[in-house]
Structures are given as C-alpha cells and as structure tokens.
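For reference, the structure is listed below as structure tokens.
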Amino acid sequence: MSNLNDIELFSKVAESGSYSRACDYFDIPKATLSRRIKALEEALGVRLINRNTRKFSLTEAGRFLHLQSKPMLEGLENIERAVSGFQDIPSGNLRVTMPVEIGTRILNDIICRFSQRYPLICLDINLSNELIDIVEEGFDVAIRGGALKDSNLVSKKVMSTKLHLCCTPDYLKKHGTPAHPEELMGHVLIVYPTPSALPLRLSRGNESVALQGQVKLKTNSLDLVLKASLSDLGIGLLPSSVVSEDVKAGRLVTLFEDWKAFDIGLYALYPDRQKPKKVDLFLNFITQELAEVQKSFI
C-alpha cells in the first residue's frame with residue numbers, strides 16, 4: 001500500500017501547480033519532496049507527473065489520483081480536527097462508577113449540576129459497591145472512599161470527611177455516657193467494615209487509645225449504620241457527610257470530639273495522567289462542589 005503522506009504531498013503539488021509552493025506549505029526541502037513523489041510513482045508503478053526543466057503537467061494517472069484522493073484527504077483532515085476537538089470541546093461520553101451511597105448521599109445533585117453545565121457530555125453513571133476494573137470495563141473515572149489499594153490507576157483526593165462516634169441521647173440515658181474512649185469497651189459499636197475501622201484508634205495530643213468494643217452490627221451500608229444508631233442499637237462510627245444533619249437536629253450526639261479519629265478520603269481514580277478534557281472538567285467540578293458541601297458538615 002502506498003504511503004498516505006506521499007499521496008498528500010503529491011496532492012498539494014497538483015493543487016498548487018508548483019513544487020516550490022508545496023515545499024513552502026509543508027516546510028520541507030525540494031529534494032525531499034522530489035524523492036517522495038518519485039517513491040510514490042515507483043510504489044504505484046505509474047508516472048504521475050511529466051517533468052521538464054521549465055514546467056510540469058499531470059499525467060492521466062496523476063489527474064485520476066488527484067481527483068480521487070482529494071475528498072479522502074479532506075475527510076481525514078476533518079476527522080483529525082474532530083478528534084483534536086475532544087480536548088477542546090467538552091463533549092462525548094463520560095462513564096463513571098461509584099458506590100451506591102456516595103452517589104445517592106453526596107454526588108447526585110452535583111452530577112445533575114455538572115450535566116446542566118456541560119450539556120454535550122453524555123453521562124453514564126454506574127452505582128455499585130463492587131470494585132470494578134475500570135480499564136477492563138471501559139470506565140473513565142471511579143469514585144471510591146477510604147483507604148486505597150495499590151493500583152496502577154491515578155488517584156486524586158476530591159474530599160476528606162471526619163469520622164464521628166455518635167449515638168442517640170436515649171442510648172446514653174440507658175447505658176451511661178463514656179467519659180474516656182477506653183470506656184467504649186463496655187459499649188456496643190456499629191461499624192462499616194473499612195480496613196481501618198477496627199481496632200479504632202483515637203488520639204489527643206500525645207495520648208493515643210486503640211479500642212475494640214463489642215460489635216453489635218457490622219454492615220457495608222452507611223445508611224444501615226445510621227439507622228441502627230438512630231434506633232438506639234449502639235454507638236455508630238459514621239462520617240460527617242452522613243451524620244451531620246441528624247447531629248444538628250439533635251437526633252444524635254457525638255462523643256469525644258476533642259479526640260481525633262482517622263479521616264476518610266474520597267478519591268477519584270482514572271487510568272492515565274493525560275486525561276481527556278471531559279474527565280478533567282468532571283474532576284475539577286466535583287472537587288469544587290464538594291468543597292462547598294463540606295461547609296455544611298459538622
């Protein structure tokens with residue numbers, strides 16, 4: 001098969017009627033252009049240009065090639081412009097996967113606002129608690145919370161939320177209010193099974209306490225941890241993003257606020273640092289929006 005670049009060079013010579021103008025257009029030496037045209041003729045097995053010292057003319061084969069290749073070359077140029085436009089114009093499909101509760105509790109409204117801002121981007125949002133292989137499954141971005149496993153994916157923290165030990169006022173009336181974190185050993189805990197959730201470690205200044213209370217309920221649903229805590233079943237371990245509204249309303253109280261537990265990071269994962277513009281826009285948008293949302297957290 002002939003070199004497409006050589007056909008493009010020939011087409012410019014035929015269109016401009018001059019080797020010199022074609023050389024200026026492509027910014028190449030005349031000797032290089034002559035050599036490439038000759039190579040094209042040899043590959044095709046026909047003469048394309050009649051040459052002499054004063055002028056040149058296209059042969060019948062040359063005129064045919066020029067006429068037939070022109071729409072193809074223009075089509076390729078349009079395709080190149082369209083592909084380059086993926087970096088300039090926020091458009092196309094954007095596939096994102098995230099845990100169900102992160103989507104429903106935190107990102108639903110933000111995703112809708114993003115879609116309104118960038119109407120040419122078609123969103124495909126997958127809510128799943130499964131750890132999907134985003135490269136194999138063809139996702140552009142994964143949103144995940146907690147400690148990240150080793151991976152070849154690029155990560156960006158989009159939010160960090162504080163963890164709180166909380167329970168209802170009625171629970172404290174029935175079981176007493178622990179004065180020190182060590183007293184939690186005598187209480188019931190309700191936890192979301194993250195790798196670092198238990199044993200729980202709290203710190204205050206130079207003091208650090210590792211705890212392992214009685215786990216009454218362990219679930220991979222933050223909503224269930226919240227529901228169980230509101231139902232007086234025990235002391236829940238919940239992030240600010242989940243518990244803030246109930247604490248502000250007085251339905252829950254927090255314990256040991258002068259002690260620090262680990263924070264939970266929310267991360268965006270994507271396959272390559274050289275990411276498409278639509279991915280960059282999405283990550284910047286949710287990071288800014290989440291910063292505003294965090295202002296309402298306790």
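Radius of gyration (Cα atoms) of the stretch 4-88, expressed as a multiple of 2.2 N^0.38 Å: 1.17.
For the stretch 236-298, which trypsin sites (Lys or Arg not before Pro) pass both filters: DSSP loop (anything but H, G, I, E, B) and at most 12 other C-beta atoms within 10 Å? Write out the running numbers ahead of the final one.
Details: sites: Lys248, Arg251, Lys260, Arg273, Lys277, Lys278, Lys295; in loops: Arg251, Arg273, Lys295.
The qualifying sites are Arg273, Lys295.
Bridging of Lys12 to aspartates and glutamates at a Cα separation below 16 Å is possible for Asp24, Asp27, Glu41, Glu74, Glu77, once same-chain residues fewer than 8 apart are set aside.
Quick one: net charge around Ala228, please, counting Lys, Arg +1 and Asp, Glu -1 for every other residue with C-beta under 14 Å from its C-beta. Numbers along the way, then the final one.
On the way: positive: Lys216, Lys218, Lys227, Arg251; negative: Asp170, Asp223, Asp232, Asp246.
Taking every other residue near Ala228 into account, the sum is 0.
Of all lysines in the structure, those lying under 26 Å Cα to Cα from Lys157, and not within fewer than 8 positions of it along the same chain, are Lys149, Lys260, Lys275, Lys277, Lys278, Lys295.
Can you tell me the convex hull volume per residue for the stretch 191-298, based on C-alpha atoms, in Å³ to the nearest whole number?
Dividing the Cα hull volume of the stretch 191-298 by its residues yields 144 Å³.
Under a Gaussian network description of the chain, with springs only between Cα atoms under 10 Å, the residue in Ile125, Ile79, Ile89 that fluctuates furthest is Ile79. Over the chain, the Kirkwood radius and the radius of gyration, each from Cα atoms, give a ratio Rg/Rh of 1.32. Based on DSSP H segments of at least four residues, each scored -39500 (n - 2.57), the chain has a per-residue ellipticity at 222 nm of -13000 deg cm²/dmol. Within the straight-line cut-off of under 18 Å between alpha carbons, the lysines reachable from Lys218 are Lys227, sequence neighbours fewer than 8 places apart in one chain being disregarded.
Bear in mind these aren't lab numbers, they're just calculated from the coordinates by the rules spelled out. Because the structure is a prediction, the values reported are computed rather than measured. Reconstructed Cβ throughout: ideal geometry from the backbone, glycine too, with neighbour counts over all protein chains shown.
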